[in-house]
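Heads up, the thing below is written out as structure tokens.
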Amino acid sequence: MTVQRHRRVVWIALVGYWICLSTVTHLPPSKLPDTHIKDTYEHFTAFALLAVLLCAALSSKDWTIARVAGMSFAIAAAYGAVDEWTQPIFGRTCALSDWFADATGAATAVALFVVVRSVGRALSGARGAGSLPPPS
């Protein structure tokens, strides 16, 4: 897959997931199945995945890892707040604890992204450093 196509697939996945997330979080509770999973875990996981997709999509820009991480967290956390504030319109409750779970999921995913990218770059640099020296 070409780099351009990979970027397009990542952005499509992000937009598609975000539309699904927004839809599910605004359905009336009676329309949702009982997953038998604690609500906090659902929020954590949903926003961790959103943050991972944001990191992947924003990585296609020529930004530092720190900027990608910061923007991904800020966008996910801000969206989590807007998502909570708008839920009462649809017969759902707005809970600060839900937003904390959203933000914690996003922060955890972003931290893992930073670690994985940093280790990946260190290893690729180490491989380059371990190559044969130039001929004398």
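Bear in mind these aren't lab numbers, they're just calculated from the coordinates by the rules spelled out. What you are looking at is a predicted structure, and each value in this text was computed from that prediction instead of being measured. Neighbour counts run over all protein chains shown; Cβ positions are idealised from the backbone, glycine included.
What is the calculated FRET efficiency for HIS26 to LEU112, with r their C-beta to C-beta distance and R₀ = 30 Å, to the nearest 0.05?
0.60
Along the charge dipole of the chain, which of HIS43, THR86, GLY125 sits closest to the positive end, that is, farthest toward it, with unit charges on the beta carbon of Lys, Arg, Asp and Glu (+1, +1, -1, -1)?
GLY125
Residue farthest toward the positive end of the dipole of segment 9-136, with Cβ of Lys/Arg at +1 and Asp/Glu at -1: which of LEU112, PHE100, PRO29?
It is LEU112.
So what is the calculated 222 nm ellipticity per residue for the chain, using -39500 (n - 2.57) for each DSSP H run with n of 4 or more, over all residues, to the nearest 500 deg cm²/dmol?
Only helices count here, giving -26000 deg cm²/dmol.
With charges only on Cβ, +1 for K and R and -1 for D and E, what is the dipole size of the chain about its Cα centre, in debye, rounded to 20?
720
Taking the Cα centre of segment 1-80 as origin, sum charge times position over the Cβ atoms of Lys and Arg (+1) and Asp and Glu (-1), and report the length of that vector in debye to the nearest 20.
The calculated dipole for segment 1-80 is roughly 360 debye.
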